[in-house]
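The values are calculated or read from the model by the stated rules, or taken from the named source; none is laboratory data. On a predicted model such as this, the values are computed, not experimentally measured, just so you know. Note that we place each Cβ from the backbone using ideal geometry, even for glycine, and neighbour counts take in every protein chain shown.
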Amino acid sequence: MARILFVNPPMLFNSEAGRKKGTGAIRPNVSVPALLILGKLKEKGHKIFFIDMAAEGQMHSKRVRKNIFRFGLENKELTKKIKKTRPDVVLVTSLFVMNMEMVFEAADITKKVSPKIKVIAGGGFASQTPLWHLENKNIDFVVLGEGEGIISRLIREIENKKQNFGKINGIAFKERGKIILNEKPGSSKKFNPYFDYEAVLFKENGEYRYPEKITRKDRLYKSNLPAKTRSCVFYGSRGCPMGCEYCSSFQREGKKIRHMGGKKLFGQIKLLHEKYGVDVFYNQADAFGLHKEDKIFLELMGKYRKKKPKIVLYNPNAFFLRIFFNNGKINKKFVLLLKKAGFNVITLAIDTFNQRFNSKMDFKKISFRMIKNLCKFIKKQGLKIDIYMMHGFPGETIEELENDIGKANSLKKIVDEISTGFLMVFPGCSYYKKAISEKWFTEEEYKKKIKEGYSFSKLNNFFNFTKIPAKKLERLIGASKI
Ligand code: B12
Ligand code: SF4
């Protein structure tokens, strides 16, 4: 059996996007990949270890380049951990394009401690760009797609004297100087996960890794719970049917929602609350609220909270707006169901009021007036609202943006927060494919700009594919925030 260390690397942020040195505002969160992958490996009898460099060192920030700050444990802490745990294999999760460098650093440090340790990268971003990852000489393998189905086969093969990696689907690796890409298998049909909470939630010294004060999105999401309140995630389904052009995850996870079942999901919350003392929970599933099993989960939560009123649920990645409407009317029952289940902030993904760029909503069926009335109804229930907007779509005109911002502004008096982001083109999404094929930029230019701090939260004129001059775009968007 192998000794395996899973690394969640530090995070990089563009300081111009509001995360300045010393703020510690990186919002690390429990790694769902670590829960799933380590769960699988433990089941197979391997000795597992975990380090979350982002969460454990979240208050530690340093400038790495002009505007780029690194949040997380220093590399020497990783070196120490590797020396102490003596792994045969190091797993590094690579979810975000802007963190690519941190993944490479983790691989470099591992090989510095011992070149014999095998380094495997995986995750949404690694799956979209295996070749970029394997360009790093210290990454031996990339797992493509859902890792829990592949990882134990790969580790078994690494442990084998006569290795044949060619037979494992869903990996990319180097062989005699060549990169071999074994197409990923389709996603598993069912979602029946086992999460290893023990390994991920607690540090070696027994301390809880994810106190609520470091995981909350911002002040709006601050509950009135004590500082030591524990937080965790819940993840009940995979897949999203929406197909947004700027999304890099639905291609990977598929459009069909695979749900673990409402009862089972509720069982996770109960276990986390009763066994591990967790009170605050963040949803991480993309399509939460859409599937009938989510309604079953919410009903069960409502009943449970009568006995356990301390529990709070959040969905900081936002609910689809359309699930709040039924046949042209506000689904009041659903709002009340969320309230009873423990939500006190309703995060609404509007993205844009411009139909041209919004495939999630049909504004002929759900008008702006209806959305405004929904917000009023939610507020009447004593809940807070954070609406999420996205700007800077390819081809967007000043009139379109002004219309968008005008509408968002007229909600300002009702809602508590408007979160806005610039459209960022991620490898794997439709816009990226279009950008490469139509030569908006080259892959090399893209990588260079990432290094310079291309970010979701800061306009980069190189990636301004709208019809609006950068300065005007920035000014208009700045004025729309609360
Ligand atoms: C939770 C989440 C976060 C959390 C991350 C917490 C954490 N420690 O993981 C937080 C809040 C920190 C976060 C921040 C951001 N996020 Co985010 N986030 C997500 C979200 C909603 C879920 C990720 C997740 O847990 N998925 C569930 C797991 C099970 O799926 P998975 O990650 O793919 O993992 C599986 C496989 O990929 C693989 N795997 C994963 N890791 C590994 C490792 C190994 C070794 C192996 C073998 C396999 C493996 O196996 C896993 C199990 O099947 C995704 C959307 C999504 N659906 O993925 C966006 C997403 C990852 N985020 C995204 C973005 C853009 C951001 C932010 C920029 C947002 C912002 N405005 O600040 C920041 C970036 C922070 C930074 N600078 O690094 C984008 C990333 C796009 C990209 N290519 O870069 C995504 C894809 C959303 C989207 N649709 O665009 N995010
Ligand atoms: S709704 Fe979210 S997860 Fe679904 S396709 Fe759009 S961006 Fe991706």
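Listing for the model above:
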item	result
Residue count for the stretch 226-246, restricted to those that are within 21 Å of residue 265 (Cβ to Cβ) and within 8 Å of ligand 1 (Cβ to nearest atom)	4
Verdict on residue 356 being surrounded by fewer than 18 Cβ atoms within 10 Å (Cβ to Cβ) and either within 20 Å of residue 417 (Cα to Cα) or in contact with a Ser or Thr (Cβ under 6 Å, 6 or more places away or on another chain) (or both)	no
Residue match in the stretch 248-266 (condition: more than 16 Å from ligand 2 (Cβ to nearest atom), touching an Asp or Glu at 6+ places or on another chain (Cβ under 8 Å) and not aliphatic (A, V, I, L, M))	yes
Identity of the residue in the stretch 247-261, away from ligand 1 (no atom under 13 Å from the Cβ) and surrounded by fewer than 21 Cβ atoms within 10 Å (Cβ to Cβ), that ends up farthest from residue 359 (Cα to Cα)	261
Meets criteria (crowded, with 19+ Cβ neighbours inside 10 Å and touching a residue at least 12 places away in the same chain (Cβ under 8 Å)) for residue 323	no
Residue list for the stretch 396-424, restricted to those being away from ligand 2 (no atom under 16 Å from the Cβ), under 20 Å from residue 375 (Cβ atoms) and either of a type in the set (Phe, Trp, Tyr) or outside any loop (DSSP other than H, G, I, E, B) (or both)	403, 404, 405, 406, 407, 408, 409, 410, 417, 418
All positions within the stretch 314-347 that are among the aliphatic types (A, V, I, L, M) and within 11 Å of residue 378 (Cα to Cα)	330, 335, 336, 338, 345, 346
Scan of the stretch 304-331 for residues that are within 19 Å of residue 282 (Cα to Cα) and away from ligand 2 (no atom under 16 Å from the Cβ), ordered by number	304, 305, 308, 309, 310, 311, 312, 313, 314
Where residue 288 falls short, out of the listed (1) without any contact (Cβ under 8 Å) to a residue 60 or more places away in the chain; (2) more than 17 Å from the chain's Cα centre (by Cα)	(2)
Leading residue by the ranking (modelled with the highest pLDDT) among those in the stretch 118-176 that are part of a loop (DSSP other than H, G, I, E, B) and of a type in the set (Lys, Arg)	137
The stretch 204-217, residues that are surrounded by 13 or more Cβ atoms within 10 Å (Cβ to Cβ), charged (D, E, K, R) and modelled with pLDDT under 95	212, 213, 216, 217
First in the stretch 233-246 and in contact (Cβ under 8 Å) with a residue 60 or more places away in the chain and of a type outside the set (D, E, K, R), second anywhere and within 7 Å of ligand 1 (Cβ to nearest atom) and in a loop (DSSP other than H, G, I, E, B), Cβ under 6 Å, 6 or more apart	233/30; 233/284; 235/284
Restricting the stretch 218-246 to residues that are surrounded by fewer than 20 Cβ atoms within 10 Å (Cβ to Cβ) and assigned to a helix (DSSP H, G or I), the residue that is nearest to ligand 2 (Cβ to nearest atom)	220
Odd one out for residue 436 among (1) part of a helix (DSSP H, G or I); (2) touching a residue at least 12 places away in the same chain (Cβ under 8 Å)	(2)
Count of residues meeting criterion [more than 16 Å from ligand 1 (Cβ to nearest atom), part of a helix (DSSP H, G or I) and touching a residue at least 12 places away in the same chain (Cβ under 8 Å)] in the stretch 335-372	12
Residue within the stretch 277-291 that is of a type outside the set (A, V, I, L, M), more than 16 Å from ligand 1 (Cβ to nearest atom) and either over 27 Å from residue 365 (Cβ atoms) or surrounded by fewer than 22 Cβ atoms within 10 Å (Cβ to Cβ) (or both) present	yes
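A quick yes/no check of all residues on (1) more than 7 Å from ligand 1 (Cβ to nearest atom); (2) farther than 19 Å from residue 444 by Cα; (3) β-branched (Val, Ile, Thr); (4) in contact with a helix residue (DSSP H, G or I) (Cβ under 6 Å, 6 or more places away or on another chain):
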site: 84; (1), (2), (3), (4): yes, yes, no, no
site: 88; (1), (2), (3), (4): yes, yes, no, no
site: 100; (1), (2), (3), (4): yes, no, no, no
site: 105; (1), (2), (3), (4): yes, yes, no, no
site: 118; (1), (2), (3), (4): yes, yes, no, yes
site: 139; (1), (2), (3), (4): yes, yes, yes, yes
